[in-house]
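Here the structure is laid out as structure tokens; the discussion comes afterwards.
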Amino acid sequence: MAWVVFRVATDSTNRRFRAAIEARSAVILIPLGPALVALSAGDVATLSAKLVIAFTTTVLGLLVGGACFAMHSVRRHWCMQDLSDIEFVMKKVH
């Protein structure tokens, strides 16, 4: 029975780690490079177009990060509920 509790706790930790990586990865999606090149060349039209793309990508990245966080929270709740149920059963058995 202890193995089951350890396995559930390990799965919960792995999911938490994956969700944290996904949330961090989503925020790194800021492609400002082409906009900065257009700025250095003095091309305002290209600069504005690339900034729109950059900020749209940032907003989408934040939405993906928020979705990953929400999934992480739900999974964490499920795992904690399972651990609580297992602990309750263990107390009743012993």
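The values are calculated or read from the model by the stated rules, or taken from the named source; none is laboratory data. The model shown is predicted, which means the values in this text are computed figures rather than measured ones. With ideal geometry, Cβ positions are generated from the backbone for all residues, glycine too; neighbour counts draw on all protein chains shown.
Looking at the structure I just gave you, is D11 modelled with pLDDT of 85 or more and among the acidic types (D, E)? In short, no.
Hey, does the range 18-31 have a residue that's part of a helix (DSSP H, G or I), charged (D, E, K, R) and at pLDDT 60 or above? Within the range 18-31 (the criterion being part of a helix (DSSP H, G or I), charged (D, E, K, R) and at pLDDT 60 or above), the answer is yes, since at least one residue qualifies.
How many residues does the range 30-60 hold that are of a type in the set (A, V, I, L, M, F, W, C), in contact (Cβ under 8 Å) with a residue 12 or more places away in the chain and surrounded by 15 or more Cβ atoms within 10 Å (Cβ to Cβ)? Adding up the residues that qualify gives 6.
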